[in-house]
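S.K.: Submitted below is the structure of interest, expressed as structure tokens.
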Amino acid sequence: MDSPSATELADDRQWWRIYEDSIPASEREPRDIILASLLRDVGKAFRVRAGGSTLGLGTTHLLTDPPAVFLVYLAVDRAQRSRGLGGRLLEYAWTESARGLRAQGHDPLGLVWEVDDPAAAEGPQERRVRDRRVHFFTRHGGAALPWSYRQPPVNGPGPVPMRLMWRPAPGQMTPDETGTAALVLAIYFGKYGAINRIPAAVLQEMLNRSVSSQR
């Protein structure tokens with residue numbers, strides 16, 4: 001496994017093929033956004049390599065207030081699934097990203113990520129796919145946060161209903177409602193506003209609705 005530079009990632013056609021094959025179009029941010037996060041040193045990319053081929057991918061964004069690793073994408077080539085690669089890649093992405101935060105003087109509280117909400121699936125087959133993803137992350141220590149969450153529109157006309165999941169760093173705890181609100185604020189503005197260039201007004205409206213729905 002390795003963490004490619006922006007130049008290396010741009011030239012890795014297999015990485016991008018897996019990305020386009022695995023991530024739903026409405027959740028798939030443009031290439032230039034991923035590469036920009038690497039160039040600005042706020043994001044990291046990862047891949048599983050074997051025999052000169054890329055078999056899996058991941059990306060993270062380093063949140064600093066509060067300090068946490070935001071897992072943006074994780075995917076394995078269809079032919080390589082159910083072989084343990086996803087779990088290994090998840091741990092590698094966490095370890096390397098946490099190291100990156102510590103190098104900046106931050107002690108990461110944990111790993112946070114979005115997952116498609118099974119309850120919002122269109123049909124039983126899609127529901128099973130989403131349930132499997134949740135089960136995968138649960139097996140690897142994740143738990144859903146009790147928060148109404150939507151992913152900002154990265155490649156579509158509107159927000160996408162999602163769930164937030166969390167895995168605390170060793171010695172840390174699951175955030176309470178105030179801590180979760182702070183995480184959502186960091187994800188919306190520290191990642192989607194600063195890197196994806198989602199307008200602040202859109203993000204603020206989404207945040208207001210999200211907070212109101214918890215009451």
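The values are calculated or read from the model by the stated rules, or taken from the named source; none is laboratory data. On a predicted model such as this, the values are computed, not experimentally measured, just so you know. In this analysis, Cβ positions are derived from the backbone assuming ideal geometry, glycine residues included, and neighbour counts consider all displayed protein chains.
S.K.: Condition first: modelled with pLDDT of 95 or more, surrounded by 17 or more Cβ atoms within 10 Å (Cβ to Cβ) and in contact with a helix residue (DSSP H, G or I) (Cβ under 8 Å, 6 or more places away or on another chain). Now tell me which residues in region 138-148 satisfy that.
M.R.: Passing the criteria: only Leu145.
S.K.: Right, another one. Please go through region 2-22 and pick out each residue that is in contact (Cβ under 8 Å) with a residue 12 or more places away in the chain, farther than 15 Å from Thr60 by Cα and either outside any helix (DSSP H, G or I) or among the small types (Gly, Ala, Ser) (or both).
M.R.: Ala10, Asp12, Ser22 - these are the residues of region 2-22 that are in contact (Cβ under 8 Å) with a residue 12 or more places away in the chain, farther than 15 Å from Thr60 by Cα and either outside any helix (DSSP H, G or I) or among the small types (Gly, Ala, Ser) (or both).
S.K.: Identify all residues within region 115-134 that are within 25 Å of Leu63 (Cα to Cα), free of Cβ contacts under 8 Å to residues at least 60 places away in the same chain and among the charged types (D, E, K, R); write none if there are none.
M.R.: Within region 115-134, the subset within 25 Å of Leu63 (Cα to Cα) is 115-117, 133-134.
This time we only want the ones that are free of Cβ contacts under 8 Å to residues at least 60 places away in the same chain, so: 115, 117, 133-134.
Correct list: Asp117, Arg133.
S.K.: Does Val202 satisfy the criteria of being among the β-branched types (Val, Ile, Thr) and farther than 19 Å from Thr64 by Cα? Walk me through how you get there before you give the answer.
M.R.: On the way: among the β-branched types (Val, Ile, Thr): yes; farther than 19 Å from Thr64 by Cα: yes.
Yes; evaluated as a whole, the condition is true for this residue.
S.K.: Which of the residues that make up region 161-173 are within 23 Å of Ser97 (Cβ to Cβ) and either in a strand (DSSP E or B) or within 14 Å of the chain's Cα centre (by Cα) (or both)?
M.R.: Narrowing region 161-173 to residues within 23 Å of Ser97 (Cβ to Cβ): 162-173.
Correct list: Met162, Arg163, Leu164, Met165, Trp166, Arg167, Pro168.
S.K.: Are any of the residues in region 154-165 crowded, with 17+ Cβ neighbours inside 10 Å and touching a Gly at 6+ places or on another chain (Cβ under 7 Å)?
M.R.: Yes, region 154-165 contains a residue that is crowded, with 17+ Cβ neighbours inside 10 Å and touching a Gly at 6+ places or on another chain (Cβ under 7 Å).
S.K.: Sticking with this structure for a sec: Only residues that are of a type in the set (Ser, Thr, Tyr) and in contact with a strand residue (DSSP E or B) (Cβ under 7 Å, 6 or more places away or on another chain): list them for region 140-195, please.
M.R.: Taking region 140-195 and keeping what is of a type in the set (Ser, Thr, Tyr), we get 148-149, 174, 178, 180, 188, 192.
Selection gives Tyr149, Thr174.
S.K.: If Arg83 meets every condition in (1) crowded, with 16+ Cβ neighbours inside 10 Å; (2) of a type in the set (D, E, K, R); (3) at pLDDT below 95 apart from one, which number is that one?
M.R.: Only one criterion is unmet by Arg83, namely (1).
S.K.: Considering only region 27-52, state which residues are surrounded by 15 or more Cβ atoms within 10 Å (Cβ to Cβ) and either hydrophobic (A, V, I, L, M, F, W, C) or part of a helix (DSSP H, G or I) (or both). Break it down stepwise before answering.
M.R.: Going through region 27-52, the residues surrounded by 15 or more Cβ atoms within 10 Å (Cβ to Cβ) turn out to be 27-29, 33-38, 42-49.
Once the filter is applied, which keeps residues that are surrounded by 15 or more Cβ atoms within 10 Å (Cβ to Cβ) and either hydrophobic (A, V, I, L, M, F, W, C) or part of a helix (DSSP H, G or I) (or both), region 27-52 yields Glu27, Ile33, Ile34, Leu35, Ala36, Ser37, Leu38, Val42, Ala45, Phe46, Val48.
S.K.: Looking at region 135-149, can you tell me whether even one residue there is closer than 24 Å to Ser26 by Cα, in a helix (DSSP H, G or I), in contact (Cβ under 8 Å) with a residue 24 or more places away in the chain and more than 17 Å from the chain's Cα centre (by Cα)?
M.R.: No, there is no match, as no residue in region 135-149 is closer than 24 Å to Ser26 by Cα, in a helix (DSSP H, G or I), in contact (Cβ under 8 Å) with a residue 24 or more places away in the chain and more than 17 Å from the chain's Cα centre (by Cα).
S.K.: May I pose another question? Just give me the residues in region 174-212 being in a helix (DSSP H, G or I), hydrophobic (A, V, I, L, M, F, W, C) and either within 12 Å of Pro152 (Cα to Cα) or free of Cβ contacts under 8 Å to residues at least 60 places away in the same chain (or both), in sequence order.
M.R.: Here is the first cut: in region 174-212, the residues in a helix (DSSP H, G or I) are 177-193, 200-212.
Going one step further and asking which of them are hydrophobic (A, V, I, L, M, F, W, C), we end up with 181-187, 189, 200-203, 206-207, 211.
Passing the criteria: Ala181, Val184, Leu185, Ile187, Phe189, Ala200, Ala201, Val202, Leu203, Met206, Leu207, Val211.
S.K.: If you go through region 113-123 one residue at a time, do you hit one that is out of contact with any Ser or Thr (no Cβ under 6 Å at 6 or more places or on another chain), at pLDDT 95 or above and either surrounded by fewer than 17 Cβ atoms within 10 Å (Cβ to Cβ) or over 21 Å from Ser22 (Cβ atoms) (or both)? Before you say what the answer is, go through the steps one by one.
M.R.: Initially, region 113-123 is screened for residues out of contact with any Ser or Thr (no Cβ under 6 Å at 6 or more places or on another chain), giving 113-123.
Imposing the further condition that a residue be at pLDDT 95 or above reduces the set to 113-115.
Adding the requirement that they be either surrounded by fewer than 17 Cβ atoms within 10 Å (Cβ to Cβ) or over 21 Å from Ser22 (Cβ atoms) (or both) leaves none.
Checked region 113-123: no residue is out of contact with any Ser or Thr (no Cβ under 6 Å at 6 or more places or on another chain), at pLDDT 95 or above and either surrounded by fewer than 17 Cβ atoms within 10 Å (Cβ to Cβ) or over 21 Å from Ser22 (Cβ atoms) (or both).
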